[in-house]
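Here the structure comes first, spelled out in structure tokens, and everything after it is commentary.
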Amino acid sequence: MFYDRFRQLCERKGISCNKAALEIGLSNATPTKWKKTGATPVGETLDKIAAYFGVSTDYLLGKEEKAPTNEGERKDILDDVDIAFYGDFKELSEEQKATIRDMVAVMRKRRATEK
């Protein structure tokens, strides 16, 4: 179950499972282990994977079905950003909104690698 979700998220992001593992800070052989053994990561590793893809750990574990958007971000991120901009987010252009989404993705990736 976990490996299937991981693979789907990699496909949506347009990268290989091995490359995603390396970017997360894991061995590039780790996804093969998950696939062959059916193992599921726990703790900090699971948190890093969730942060990298912008999904919840419950989604990775199959406990929730809320799928991420094509960008790999949770759909509720727009609400979070709108709150941060005190409602002004709705007045931004689509290009400006995309820039903000990209910035959030970069910050999540940095946070995942700093843990």
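Odds and ends about this structure:
- Cβ separations smaller than 6 Å between residues 6+ apart or across chains give the following pairs from the stretch 27-49 residues that are within 17 Å of GLY62 (Cβ to Cβ) and without any contact (Cβ under 8 Å) to a residue 24 or more places away in the chain to residues that are of a type outside the set (Gly, Ala, Ser) and in a helix (DSSP H, G or I): LEU46/THR57.
- Subset of the stretch 14-26 (residues that are among the hydrophobic types (A, V, I, L, M, F, W, C) and without any contact (Cβ under 8 Å) to a residue 24 or more places away in the chain): ILE15, CYS17, ALA21, LEU22, LEU26
- Residue selected from the stretch 33-50 under the condition touching a Ser or Thr at 6+ places or on another chain (Cβ under 9 Å) and either of a type in the set (S, T, N, Q) or closer than 16 Å to VAL104 by Cα (or both), by the criterion surrounded by the fewest Cβ atoms within 10 Å (Cβ to Cβ): THR45
- For LYS115, the requirement of being modelled with pLDDT under 75 and more than 19 Å from PHE6 (Cα to Cα) is met.
- Residues being hydroxyl-bearing (Ser, Thr, Tyr) and in contact with a Phe, Trp or Tyr (Cβ under 6 Å, 6 or more places away or on another chain) - total across the stretch 29-59: 1
The values are calculated or read from the model by the stated rules, or taken from the named source; none is laboratory data. On a predicted model such as this, the values are computed, not experimentally measured, just so you know. Cβ sites come from the backbone with ideal geometry, for glycine too, and all protein chains shown count toward neighbours.
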